[in-house]
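Q: Before anything else, here's the structure in question.
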Amino acid sequence: MGTTYRVKEFPLLTKYFVSNKFSVLFGPKINILFQNGSIEEVTVSGTLGVKYDFNESFSMDARYNYYLNSNTPFNTNLPTVAPILKLGGKFKF
């Protein structure tokens, strides 16, 4: 059986409201790399993002994650550890 990798992310973000609908997000994110079910490495990345609330029920955000340590299994063992841009939406009902 091949090697299985999983990554758990725990963002600790601060939200700064620029206006009632627009906000900036920033802060650290703890990343835990699991290899075959056991913890291989724990690293910290920086996150910067923006969020726009269209109304009380719908919002969208974009976040940029940058790994702060370049010598980790995140960079040597996994092909998808370059800085990441995430787009998301939230619908409340």
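The values are calculated or read from the model by the stated rules, or taken from the named source; none is laboratory data. Computed from a predicted structure; not experimentally measured. Positions of Cβ are backbone-derived with ideal geometry, glycine not excepted, and every protein chain shown enters the neighbour counts. Surface accessibility is based on the protein's heavy atoms, side chains included, excluding ligands, DNA and RNA. Shrake-Rupley method; radii C 1.70, N 1.55, O 1.52, S 1.80 Å.
Q: Mind listing just one residue for me: the one in the stretch 57-66 that is of a type outside the set (A, V, I, L, M, F, W, C) and under 17 Å from G88 (Cβ atoms) and, of those, surrounded by the fewest Cβ atoms within 10 Å (Cβ to Cβ)? Let's see the steps before the verdict.
A: Within the stretch 57-66, the first condition is being of a type outside the set (A, V, I, L, M, F, W, C), and the residues that meet it are 57, 59, 61, 63-66.
Pick out the ones that are also under 17 Å from G88 (Cβ atoms) and you get 57, 59, 61, 63-65.
On the way: S57: 10, S59: 17, D61: 16, R63: 19, Y64: 16, N65: 19.
Once the filter is applied, the top-ranked residue is S57.
Q: Looking only at the stretch 9-56, which residues are open to solvent by less than 40 Å² (accessible area, probe 1.4 Å) and over 16 Å from L85 (Cα atoms)?
A: If the condition is that a residue be open to solvent by less than 40 Å² (accessible area, probe 1.4 Å) and over 16 Å from L85 (Cα atoms), then S23, I32, L33, T43, D53 are the ones that fit.
Q: So K92 ticks every box in (1) open to solvent by 100 Å² or more (accessible area, probe 1.4 Å); (2) of a type in the set (K, R); (3) modelled with pLDDT of 95 or more but one. Which box is left unticked?
A: (3)
Q: Go through the stretch 1-15 and give me each residue that's assigned to a strand (DSSP E or B) and among the aliphatic types (A, V, I, L, M).
A: Start the filter on the stretch 1-15 by keeping residues that are assigned to a strand (DSSP E or B), which leaves 5-11, 14-15.
Across the stretch 1-15, the qualifying residue is only V7.
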